[in-house]
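These notes concern the structure reproduced below.
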């Protein structure tokens, strides 16, 4: 680990558990045979489905001295501005299939929407807690399949994010405290009212649905591999992936571990420093997930989670190479660079949580105080780096404050020498 330092814009630590021999039960659970094919087959039936684009940044790659930067742009996913719908919708599908008692075949979306199946299923209200994007994805999926939905948000959730959830017919309830408080409250209320929770975080006795959410995210990775293959690239050499409770990070890293084993990409998990529960868990080094407290006050709202998902943590503890903890200005820089690209690079609209991995990559590649991180990641002229823009402009007021008005500026000591 590199200790907190004024000479570096972020903290990092290498994971000593990565690559150690032995089984990882959570990874086996995530990746049963053919699950990615099943998830993608389901998603292809959704109205408006198409692959989100994989965009290349050759100008920035040359500037940073790497072979390529590839950005999976989830701001264009099903008009929902985020990847989260992939997980929520697949979890609903798997829950309904199990409720119907169908184990020998897959269901079509048309069947799920049919009057006969709806009568058999009866009335169901799906519930979840969210910082915004997951709730919107669950609300959209519930509406598409004809079910009620209630979504719990915490008191710092912005009005644009709440309105985006309400647009898909969900009732939104605002809870005092943090995202983790909203999770605990919806657990209590769902038991009282008989709601079915669709959560991307796990807890004791609740693991099937979070696993289905993570499996739904593998559609994204299958698309990436198809798109890279079209460019003559077998796999990325590096993947930087952002994390809140860790579900996406575990899905991405688990996918590549399952596909390539020891030849998988070098992986880094990126978190806000004010909500770095996975970073803390890795620093503790005892193999168990650890929570962080406080207000979790970061501009990266989608990553403001204090309690790791135990299911996700098991995968990350065994297979993530590096953990990064980033202040807000790292994400803000990423937003501005995406929005004002070098000549020849595409413009990408990225929200705070979507852009933090780009900011982290730039500092890792260029900052003298992070030379040891660059070496640990083995970043060089042959590197093909995959990033995921997990969200677009989901909070317009905050987006304008950062991109238009220069909010959360990079401190002078860490600015680019040409800046």
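The values are calculated or read from the model by the stated rules, or taken from the named source; none is laboratory data. A quick note: this is a predicted structure, and the numbers were derived from the prediction, not measured. Here the Cβ positions follow ideal geometry from the backbone for every residue, glycine too, while neighbour counts run over all protein chains shown.
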Residue 49 fails exactly one of (1) in a strand (DSSP E or B); (2) more than 23 Å from residue 337 (Cα to Cα), namely (1)
Q: Taking residue 169 as the residue in question, decide whether it is closer than 25 Å to residue 46 by Cβ and modelled with pLDDT under 95.
A: no
Of the listed residues (344, 354, 419), the one being at pLDDT 95 or above and more than 23 Å from residue 322 (Cα to Cα) is 344
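Any residue at all in segment 3-15 that's over 21 Å from the mean Cα position of the chain (by Cα), free of Cβ contacts under 8 Å to residues at least 60 places away in the same chain and at positive phi?
No; the residues of segment 3-15 include none that is over 21 Å from the mean Cα position of the chain (by Cα), free of Cβ contacts under 8 Å to residues at least 60 places away in the same chain and at positive phi.
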Does residue 262 meet the test of being farther than 18 Å from residue 250 by Cβ, out of contact with any helix residue (DSSP H, G or I) (no Cβ under 9 Å at 6 or more places or on another chain), touching a residue at least 12 places away in the same chain (Cβ under 8 Å) and assigned to a helix (DSSP H, G or I)? yes
If we ask which residues in segment 128-146 are crowded, with 19+ Cβ neighbours inside 10 Å and outside any helix (DSSP H, G or I), their number turns out to be 5
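Of everything in segment 266-288, what is buried (at least 24 other Cβ atoms within 10 Å of the Cβ) and either more than 23 Å from residue 350 (Cβ to Cβ) or in contact with a strand residue (DSSP E or B) (Cβ under 8 Å, 6 or more places away or on another chain) (or both)? Give them in sequence order.
If the condition is that a residue be buried (at least 24 other Cβ atoms within 10 Å of the Cβ) and either more than 23 Å from residue 350 (Cβ to Cβ) or in contact with a strand residue (DSSP E or B) (Cβ under 8 Å, 6 or more places away or on another chain) (or both), then 267, 268, 269, 270, 271, 272, 276, 277, 278, 279, 282 are the ones that fit.
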task: With the condition kept exactly as written, say whether any residue in segment 328-348 is under 19 Å from the mean Cα position of the chain (by Cα), in a loop (DSSP other than H, G, I, E, B) and closer than 26 Å to residue 153 by Cβ.
output: no
Taking segment 64-95 and keeping only residues that are out of contact with any helix residue (DSSP H, G or I) (no Cβ under 6 Å at 6 or more places or on another chain) and part of a helix (DSSP H, G or I), one is left with 74, 75, 76, 95
Condition set modelled with pLDDT of 95 or more and part of a loop (DSSP other than H, G, I, E, B), scope segment 185-204, selection surrounded by the most Cβ atoms within 10 Å (Cβ to Cβ): answer is 200
Checked pairs for segment 133-162, first assigned by TED's automatic domain parsing to the domain that holds residue 390, second crowded, with 19+ Cβ neighbours inside 10 Å, C-beta under 8 Å and 6 or more apart or across chains, list as none
The condition of being modelled with pLDDT of 95 or more, closer than 21 Å to residue 82 by Cβ and not assigned by TED's automatic domain parsing to the domain that holds residue 396 holds, among 174, 239, only for 174
Among (1) under 30 Å from residue 194 (Cα atoms); (2) free of Cβ contacts under 8 Å to residues at least 60 places away in the same chain, residue 44 falls short only on (1)
Among residues of segment 226-254 being under 22 Å from residue 318 (Cβ atoms) and part of a helix (DSSP H, G or I), the residue farthest from the chain's Cα centre (by Cα) is 254
task: Answer with yes or no whether residue 182 is surrounded by 24 or more Cβ atoms within 10 Å (Cβ to Cβ), in a helix (DSSP H, G or I), outside the structural domain of residue 292 (by TED's automatic domain parsing) and touching a strand residue (DSSP E or B) at 6+ places or on another chain (Cβ under 9 Å).
output: yes
If we ask which residues in segment 365-377 are buried (at least 18 other Cβ atoms within 10 Å of the Cβ) and touching a strand residue (DSSP E or B) at 6+ places or on another chain (Cβ under 8 Å), their number turns out to be 4
Check whether at least one residue in segment 114-127 is under 16 Å from the mean Cα position of the chain (by Cα), free of Cβ contacts under 8 Å to residues at least 60 places away in the same chain, part of a helix (DSSP H, G or I) and outside the structural domain of residue 346 (by TED's automatic domain parsing), and report yes or no.
no
Only unsatisfied item for residue 242, checking (1) without any contact (Cβ under 8 Å) to a residue 24 or more places away in the chain; (2) crowded, with 22+ Cβ neighbours inside 10 Å, is (1)
Problem set entry | Qualifying residue in segment 378-396 (condition: at pLDDT 95 or above, surrounded by fewer than 17 Cβ atoms within 10 Å (Cβ to Cβ) and under 21 Å from the mean Cα position of the chain (by Cα)) | yes
